[in-house]
Amino acid sequence: SAVISQKPSRDICQRGTSLTIQCQVDSQVTMMFWYRQQPGQSLTLIATANQGSEATYESGFVIDKFPISRPNLTFSTLTVSNMSPEDSSIYLCSVERGGHKYTDTQYFGPGTRLTVL
Amino acid sequence: TQLLEQSPQFLSIQEGENLTVYCNSSSVFSSLQWYRQEPGEGPVLLVTVVTGGEVKKLKRLTFQFGDARKDSSLHITAAQPGDTGLYLCAGLAGGATNKLIFGTGTLLAVQP
């Protein structure tokens with residue numbers, strides 16, 4: 001398994017500001033992902049954080065709004081820029097160690113609950 | 001676009017009852033995973049099914065992957081309050097990445 005921590009666990013922010021969320025893993029992993037989740041609803045993949053190169057964003061998500069860094073194999077950050085109330089959500093990071101392609105497990109962090117006023 | 005629809009969306013039952021959650025798609029997936037998520041935590045993997053027609057059991061939970069690898073079901077026998085949570089199926093999209101496509105979710109509440 002993998003132990004994943006996220007900071008902050010929750011935050012309340014003002015419209016127009018930015019928040020950076022950190023994801024730290026207890027061991028090196030090959031893949032790191034960032035998801036968004038409305039409470040009680042499913043997860044939507046924002047992007048895959050690539051070590052040493054630009055993140056790969058999913059349709060509907062852009063780098064200017066959600067810049068991502070991954071400086072090494074155990075750490076990544078997601079910034080939510082120029083926030084609006086519509087960005088209020090739970091943001092989760094997940095990791096994969098890299099094993100069998102069809103059965104590798106994704107481990108999730110506890111999430112960051114963001115409220116934008 | 002690959003979509004996974006789960007049904008029901010919400011389910012409230014009494015302790016001891018049985019239930020089945022369905023996960024359906026028109027797309028074929030390399031494998032399918034089931035997660036459970038409790039409030040304030042991230043999803044936790046319950047099982048991965050890979051082969052069409054595969055059945056896996058985890059104590060009172062039985063998971064089945066459809067023959068065509070487009071759908072799956074989760075059956076819980078004699079539900080307990082500890083089973084309460086959000087159940088998510090997730091299909092592996094295939095291709096060069098290990099991207100997971102998550103289902104719409106089923107929120108289960110088991111009343112004591």
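The values are calculated or read from the model by the stated rules, or taken from the named source; none is laboratory data. Please read all numbers here as calculations on a predicted model, not as lab measurements. Here the Cβ positions follow ideal geometry from the backbone for every residue, glycine too, while neighbour counts run over all protein chains shown. Surface areas here come from the heavy atoms of the whole protein model, side chains and all, with no ligands, DNA or RNA. Shrake-Rupley method; radii C 1.70, N 1.55, O 1.52, S 1.80 Å.
So what is the accessible area of the protein assembly as shown per residue, in Å², with the probe set to 1.4 Å?
47 Å²
Within the protein assembly as shown, the cysteines lacking any other cysteine Cβ closer than 4.7 Å to their own Cβ are A:C13.
Using C-alpha pairs below 8 Å separated by at least 6 residues, the relative contact order for region B:15-107 is 33 percent.
Note on B:I13: accessible area is roughly 10 Å² with a 1.4 Å probe, heavy atoms of protein only. Would you check the protein assembly as shown for Lys pairs whose C-alpha atoms are within less than 28 Å, ignoring same-chain pairs closer than 8 in sequence, and give me the count? Lysine pairs meeting the criterion: 14. Note on B:K99: accessible area is roughly 50 Å² with a 1.4 Å probe, heavy atoms of protein only. Within the accessible area of region B:15-107, the carbon and sulfur atoms contribute 49%, probe 1.4 Å, all protein chains present.
Heavy-atom accessible area for B:T84, with the other protein chains in place and a 1.4 Å probe, reaches approximately 50 Å².
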